[in-house]
Amino acid sequence: MLRKDLPIRDRGCEERMGFVAGVDSHKDSLSIVVIDSVGKDVDRFSVGNDLASFEAAFKRVRRHGKAVWGIEGTGAYGRLFADYLVGVNAMVYEVPGRLTKRHRRFGTRTGKSDPIDARAIAEVVLREKDRLGRYYSDDVHEELRLLYDHRDQLVNARVQAINRLRTAAFRLQLGNMPRDLYREKALYLIEQRARRIKTSSTVVAAVLKEIEFAIAAIRLYNEQIAEVESAIHPLASRFSSLLEMTGVSSIVAAGIVGHTGDVRNIRNADAFAMRSGSAPLPCSSGRTDRVRLNKGGNRQLNRMLHTMAIVQRRIAGHPGQEYYRKKLSEGKSPAAALRSLKRRLATVVYYRLLDDYKGLSAHLGSRSAA
């Protein structure tokens, strides 16, 4: 009797869990594999990555029963399909590529193909759903991420132009250079010094031309950076709770929001700390109990937390400075104490983001109702 009861219990569990559809997204196509609650293949097919194919794919999976979807690349080629699924009230999870790679590596089928990747994505959702973030169709964080990354690229390009300018100016012995060579006053000063040089040397003429080009590039980057920042400020102002923290400007807030994504996708503050690379990794064995530096996570998030920690450490009487000094008194090195402060700030940032998203959701809901 006991052996006859087992299949009935398994079928009931399968009905409760339903099916999982894994989607490997590409520019022109979507590879989809559907598995049941025990990981058995139910269906696999490919469709185009266009609006006309989304409905056909959803209906085909729906024939097997209610399915939970997992998509890798919701920030790129999988975004349109993820938005469509959310629009039809499907449950969608974001699957990081590193988890897909891990499941594919330890799977029974070797090699790599679109169906193999799609199945690995489905297995991640089936076995590690509690660790994954839900996908919500919200463009605020995506817009901020694009703007922040664009500004970051422009700033890096400006630094390269400044380095070219500094090298050329040093070669011509134009005197002491101002520290902030991106400012108009400093650029004008170098221009005036360069114009005083009269020479028939072709090499010197080439260096002068390099100075001219570098200054023009810096001015162009200044204009573009200012334009991007003017677009960032009104969007970042929605996250008022985050902006209240010391060391968080509109640019830093844009980077945090953009690279965190929808904070509702993150389980808790510890998961956020791990995502930002601010949580130390356990490295214990036997009687040795220790942790080591976390070099993973989103390095942009880690960079923002580092900036906040540096600012708060320098302000006399600030709670961040007091926490930093407390860690120093416990015997930690300055670098370790700063990492501890970053870890504490990660927790605060997580709950500030949650508060801001609650207000943002209420605002968007009232606006849509109106």
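Computed values, structure above
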read-out: Which listed residue, of Ser37, Ser113, is of a type in the set (Ser, Thr, Tyr) and in contact with an Asp or Glu (Cβ under 7 Å, 6 or more places away or on another chain); value: Ser37
read-out: Pick from the stretch 138-160, criterion of a type outside the set (D, E, K, R) and closer than 18 Å to Arg183 by Cα, ranking: surrounded by the fewest Cβ atoms within 10 Å (Cβ to Cβ); value: Asn156
read-out: Yes/no for Arg267 being under 26 Å from Glu184 (Cβ atoms) and of a type in the set (D, E, K, R); value: no
read-out: Selected residue (only one of Glu229, Glu244 is surrounded by 13 or more Cβ atoms within 10 Å (Cβ to Cβ), within 24 Å of the chain's Cα centre (by Cα), of a type in the set (Asp, Glu) and under 27 Å from Gly359 (Cα atoms)); value: Glu229
read-out: Listing of helices (runs of 4 or more DSSP H) fully contained in the stretch 1-114 that carry 1 or more residues being modelled with pLDDT under 85 and farther than 23 Å from Arg264 by Cα; value: 2-17, 97-105
read-out: Number of the exception - Arg339 against (1) assigned to a helix (DSSP H, G or I); (2) out of contact with any helix residue (DSSP H, G or I) (no Cβ under 7 Å at 6 or more places or on another chain); (3) modelled with pLDDT of 90 or more; (4) more than 30 Å from Val95 (Cα to Cα); value: (4)
read-out: Checking Ala271 against (1) over 20 Å from the mean Cα position of the chain (by Cα); (2) surrounded by fewer than 18 Cβ atoms within 10 Å (Cβ to Cβ); (3) among the small types (Gly, Ala, Ser); (4) at negative phi, the condition it does not meet; value: (1)
read-out: Matching residues, the stretch 25-48, being surrounded by fewer than 18 Cβ atoms within 10 Å (Cβ to Cβ), under 17 Å from Tyr84 (Cβ atoms) and free of Cβ contacts under 8 Å to residues at least 60 places away in the same chain; value: Lys27, Asp28, Phe45, Gly48
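Residue-wise test of (1) of a type in the set (A, V, I, L, M, F, W, C); (2) closer than 30 Å to Arg79 by Cβ; (3) crowded, with 17+ Cβ neighbours inside 10 Å.
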site	(1), (2), (3)
Ser113	no, yes, no
Arg131	no, yes, no
Ile162	yes, no, yes
Arg171	no, no, no
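Residue by residue, here is whether (1) surrounded by 11 or more Cβ atoms within 10 Å (Cβ to Cβ); (2) modelled with pLDDT of 95 or more holds:
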residue	(1), (2)
Val291	yes, no
Gly317	no, no
Glu330	no, no
Leu345	yes, yes
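The values are calculated or read from the model by the stated rules, or taken from the named source; none is laboratory data. Keep in mind that this is a model prediction, so the values were computed, not measured. Note that we place each Cβ from the backbone using ideal geometry, even for glycine, and neighbour counts take in every protein chain shown.
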